[in-house]
Each structure stands twice: as C-alpha cells, then as structure tokens.
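Asker: Provided herewith is a single structure, encoded as structure tokens, for subsequent inquiry.
The values are calculated or read from the model by the stated rules, or taken from the named source; none is laboratory data. The structure displayed is predicted, hence computed values, not measured ones. Note that each Cβ is placed from the backbone with ideal geometry, even for glycine, and that neighbours are counted across all protein chains shown. Each accessible area value is taken on the protein alone, full model and side chains, heavy atoms only, with ligands, DNA and RNA left out. Shrake-Rupley method; radii C 1.70, N 1.55, O 1.52, S 1.80 Å.
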Amino acid sequence: MYRSWLDGQVRAAGVLSVTLKVPVLGWATRVVTDAPRVEERVVAGVPTMVVRPGGGTRWPALVFLNGVTARGRHHPDVERLAGGLARAGFLVLVPDPPGLARGEITEKTLAATIAVVRAVAGRPDARGGRVGLVGVSVGGSLALLAAEEASLAGRITVVAGIAPYSDLANAVRLATTGYTLEEGRLLPYAAKSFLPLVIARSLVAGLPSSGERSALLTELLRLPDDASDPLALFRRLRPARVDPSARALVELLANRDPSRFDRLYAALSSALRASVERLSPLAG
C-alpha cells in the first residue's frame, strides 16, 4: 500500500512539474522520463490528439476533455498536461467534440464524447479495456455525463473534474439573472461574462434549424469571449418580431429578473428543456 501511495505521489509530482513549468523539477522529470509520442488521429469521427508514453505498448488510458477554448486540444496548457500525464505512464487522448471549441454544447457534443470514450476503452493499447476521464469546466461536465452512459458501465476507472456544472438549467439561471438556486434559496453569485456567452450559444444551437437560429448563432459567434454583456443582443430584440420557434428562448435570455426565470424557462419547448436535462449530470 505504501509503495502504491508513493508511486502515486511521484507520478503526480511529475505531471504537475511539467504542466506548471516548475523549473528544476520540470527539468528533472524530462530527464528521467521518456519523451511522449504525439500524433493526430480521428477517433470515432472526432479529431483527437493522442499522446503515448515514450516506452511500452499498453498503458492505463485517460480521455482529457478541456473547457471551451478556441484552440481546443492544441491549447498550450492542454498540450502540457497531456504530455505530463504521458510522462507519468498514461495513454492520453484529447478529443475536440463538435461545438466544444466554440462554446456550443449540445447533444451532438455529448454523443461524440461518449463515442470517443467507448472507442478508447476498446483500444488494444488501453490497459484492461478501461478508461479514466479528466475534464475542466464544461469538459468536466461532459466527463460526468459520459460516465453515466449505461453502455460504458464497468469501463470507467475514474472521473476527475475541475469546476464542472451539475445542473444546466441552474447554470442558465445564473448566466441570465446573476442568481443561483441552492437548497431552494436564490443566492447572488458573480459569474464571468463568458458563462452567458456559452449558455446563449449552446441554447440557440439546440433550437430547430431555421433562419432565425442561424442569424442568432452568427451574431453570438461574432462576439469576443470577453464581451462584457453578451446577452444584450437578446434585450435589443422585439419578441413579437422573432420567429415563434426562437421567441421563448429570446425572452428567457433577455430576462434579468430571477423571480421570472422559472416561468420563462417553463415556456421553452419541451424538446429544448429535455435537451437541457440530458446535458445535466445531476439528472443522471
């Protein structure tokens, strides 16, 4: 037990030293471990960075799911973390499921994530036919959702996440009103402006295909990630002039009053509300 614990500490130190660029320890880790082998592959139809340890043929496998970032799997921090994990002896795959880089989190994003996890667990170089999941922010939520997939039962070794959301409907409440619901109480919470932008892109992407949907997505994608008030776009619209398929969502995203949220959310189509629930780890 002690040797196992010690080995875990050594591996963790190696991963962190490379990821956080600790000068001496990072140099020492690179000296005593083989350089990882990096290649680009398409896994289950998804562009994926595959990082293998420098030696061996079979390793414990990990799928790393980053948060929303335009650089996706090629973000420098993501590449360093994957490399550090590979130096610690893990086979690491970093996919770019559809929509994640742009902040459009839909059921397509989840379906692609599950397909990648299933494919990785079935790889001949994945030890034991199992896979661990590591995620950051939205990536952590996708990891939790993938682990809930019945067809993957018994194939997931661990789920590790940093700041995932658990209830997407409550995240929508926070993004639009600045309040979160905790144990039946509305509490103010300061969220970064990037959250409303991701929520808006994701919900609009979940609407039925239409000219209104395309126009709204185009406008949202033009906004920079650091836009101070991305939902102002919806407050400028007149609901009566919006296509009926998008009208309820426009009213929800334009609202700032927490007391009106539940009523406006209930007015969304049953299909969109069902999609929000399927993308909420808490529901599973």
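Asker: Determine whether LEU223 is out of contact with any strand residue (DSSP E or B) (no Cβ under 9 Å at 6 or more places or on another chain) and open to solvent by less than 60 Å² (accessible area, probe 1.4 Å).
Answerer: In short, yes.
Asker: Kindly establish whether SER259 is within 27 Å of the chain's Cα centre (by Cα) and farther than 13 Å from GLU212 by Cβ.
Answerer: When the stated conditions are applied, SER259 does not pass them.
Asker: Here's something else I'd like to know. Name the single residue that is surrounded by the most Cβ atoms within 10 Å (Cβ to Cβ) among those in the stretch 111-136 being touching a Pro at 6+ places or on another chain (Cβ under 6 Å) and not charged (D, E, K, R).
Answerer: The qualifying residue surrounded by the most Cβ atoms within 10 Å (Cβ to Cβ) is THR113.
Asker: Oh, and also: So which of LEU100, LEU85, LEU81, LEU62 is part of a strand (DSSP E or B) and crowded, with 23+ Cβ neighbours inside 10 Å?
Answerer: Among LEU100, LEU85, LEU81, LEU62, only LEU62 is part of a strand (DSSP E or B) and crowded, with 23+ Cβ neighbours inside 10 Å.
Asker: Let me ask something else about it. Taking the condition of being polar (S, T, N, Q), farther than 15 Å from ALA267 by Cβ and in contact with an Asp or Glu (Cβ under 9 Å, 6 or more places away or on another chain), how many residues in the stretch 228-255 meet it?
Answerer: Count: 0.
Asker: Collect the residues in the stretch 63-77 that are without any contact (Cβ under 8 Å) to a residue 40 or more places away in the chain and under 25 Å from PRO124 (Cβ atoms), keeping them in residue-number order.
Answerer: Result: ARG73, single match.
Asker: Continuing with this model, one more query. How many residues does the stretch 198-212 hold that are assigned to a helix (DSSP H, G or I) and modelled with pLDDT under 95?
Answerer: Within the stretch 198-212, residues that are assigned to a helix (DSSP H, G or I) and modelled with pLDDT under 95 number 2.
Asker: Which ranges mark the strands (runs of 3 or more DSSP E) fully within the stretch 149-193 that have 3 or more residues being in contact with a Lys or Arg (Cβ under 7 Å, 6 or more places away or on another chain) and either open to solvent by 50 Å² or more (accessible area, probe 1.4 Å) or among the β-branched types (Val, Ile, Thr) (or both)?
Answerer: So the answer is 179-182.
Asker: Looking only at the stretch 231-241, decide whether some residue is crowded, with 16+ Cβ neighbours inside 10 Å and either in contact (Cβ under 8 Å) with a residue 60 or more places away in the chain or part of a helix (DSSP H, G or I) (or both).
Answerer: Among the residues of the stretch 231-241, at least one is crowded, with 16+ Cβ neighbours inside 10 Å and either in contact (Cβ under 8 Å) with a residue 60 or more places away in the chain or part of a helix (DSSP H, G or I) (or both), which makes the answer yes.
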